[in-house]
Amino acid sequence: MIVFRPTKMLAVPLSKGQIDPRVIRQEFWPGVSPLGDKAGCYIFAVPQRYGREGLLPIYVGKSVRRLMQECFMPEKIAKLNHWLLHHPAASLSLLLLIHPPNKHGPNAAAIGDLEKSLIKMAVSVNPNLINKRNTRPDSWGISGVIRGGRGKPSEGAKQLRALLDMDGEGKLQKSPVKTASNDDDAAPIPSEAS
């Protein structure tokens, strides 16, 4: 299995609210030099608006060569600058997901799969993502697990998250087994006589 390593958020310098390719070449990449030579995926993000905390993803991309060659290509800069022109932001951040060293070189299929997954996750947070491909939101959810709305998760949802190691803990907590007839969270099971 290929395990990508996320970097910390990197501040992308803006000049009058826009990306300046010259500044990127002369200041940004030299400051994070070894990362630009790696392959992997990347996410551009801006601060949330309207008093919300955190960052909002605006673009997800991939590079099977060097991230330095892909992240700030002229057409990407044009798309990002267009977005920034219509959605002014105080800052722009970049998170890189680095492909691990591999004697056969970067695994293009794994990088592509990761990009698709990241786009799906990002579009669920920001439906106005700049990306055009793979942005159709999933049409399903699981209550208390994924895309199931807000609220306190049921005991079943907690157990499913643990079973699938969705919280990174790697173990299913031992809890009493409940039958559907005495579990408030479960739908009633029809009897065989009915």
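No lab work stands behind these numbers, since they all come straight from the coordinates. This one's a predicted model, so the numbers in the text were calculated from it and none came from an experiment. FYI the Cβ positions are ideal-geometry reconstructions off the backbone, even for glycines, and counts take in every protein chain you see.
Which ³J(HN,Hα) values in Hz, rounded to whole numbers, follow from the phi angles of segment 40-53 under the Karplus curve 6.51 cos²θ - 1.76 cosθ + 1.60, where θ = phi - 60° and Gly and Pro get x?
Along segment 40-53, the couplings run x, 10, 8, 9, 8, 9, 10, x, 4, 9, 6, x, 7, 8 Hz.
Where the only charges are on Cβ atoms (+1 Lys, Arg; -1 Asp, Glu), what is the dipole of the chain about its Cα centre, to the nearest 20 debye?
So the dipole magnitude of the chain works out to roughly 680 debye.
To one decimal place, what orientation-averaged projected area in nm² is obtained for the convex hull of the Cα set of segment 55-108?
The Cα convex hull of segment 55-108, projected and averaged over all directions, gives 4.4 nm².
Given the -39500 (n - 2.57) contribution per DSSP H run of 4+ residues, what per-residue ellipticity at 222 nm results for the chain, rounded to the nearest 500 deg cm²/dmol?
Computed mean residue ellipticity for the chain: -7000 deg cm²/dmol.
Where the centroid of each part is defined by its Cα atoms, how far is segment 119-138 from segment 1-52 in Å?
About 19 Å separates the Cα centre of segment 119-138 from the one of segment 1-52.
Using the basic label-point model (7 angstrom from Cα toward the beta carbon), what is the residue 159 to residue 109 distance in nanometres?
Roughly 3.6 nm, to one decimal.
What list of ³J(HN,Hα) values in whole Hz, one per residue of segment 153-161 in order, does the Karplus curve 6.51 cos²θ - 1.76 cosθ + 1.60 (θ = phi - 60°) give from phi, with Gly and Pro shown as x?
x, 5, 4, x, 5, 4, 5, 5, 4
First measure r as the distance between the Cβ atoms of residue 77 and residue 147, then evaluate 1/(1 + (r/R0)^6) with R0 = 30 Å and state the FRET efficiency to the nearest 0.05.
0.40
Would segment 26-157 count as rounded, prolate or oblate if I go by the C-alpha gyration tensor, calling it rounded below 1.5 in a/c and otherwise prolate when a/b exceeds b/c, oblate otherwise?
Cα axes put segment 26-157 in the oblate bin.
Given DSSP loops and a limit of at most 11 other Cβ atoms within 10 Å, what is the longest stretch of the chain that contains no such trypsin sites (Lys or Arg not before Pro)?
In short, 53-102.
Using amide H atoms built 1.01 Å from N in the peptide plane, name the residues 5+ places from residue 148, or on other chains, whose amide H lies under 5 Å from its own.
Under 5 Å from the amide H of residue 148 lie the amide H atoms of 142, each far enough along the sequence or on another chain.
In whole Hz and in residue order, list the ³J(HN,Hα) couplings for segment 127-140 that follow from phi through the Karplus curve 6.51 cos²θ - 1.76 cosθ + 1.60, θ = phi - 60°; x for Gly and Pro.
Per-residue couplings from phi come out as x, 9, 4, 5, 3, 10, 8, 6, 9, 5, x, 5, 9, 9 Hz.
With a cap of 14 neighbouring Cβ atoms within 10 Å, and only residues DSSP puts in a loop, list the chymotrypsin sites (Phe, Trp or Tyr not before Pro) found in segment 1-110.
Passing both the DSSP loop test and the Cβ count: 50.
Residue 166 versus residue 66, label points 7 Å from Cα toward the beta carbon: distance in nm?
Result: 4.1 nm between the two label points.
Restricting to Cα pairs below 8 Å that are 6+ residues apart, what does the relative contact order work out to for the chain? Please round to a whole percent.
Result for the chain is 21 percent.
With viscosity set to 1.306 mPa s and temperature to 10 °C, compute the Stokes-Einstein D of segment 1-80, Rh being the Kirkwood radius across alpha carbon pairs; µm²/s, no decimals.
Roughly 115 µm²/s, to the nearest whole number.
Towards the positive end of the charge dipole of segment 1-107, with charges on Cβ (+1 Lys, Arg; -1 Asp, Glu), say which of 60, 30, 85 has the farthest Cα.
Most positive-ward Cα: 60.
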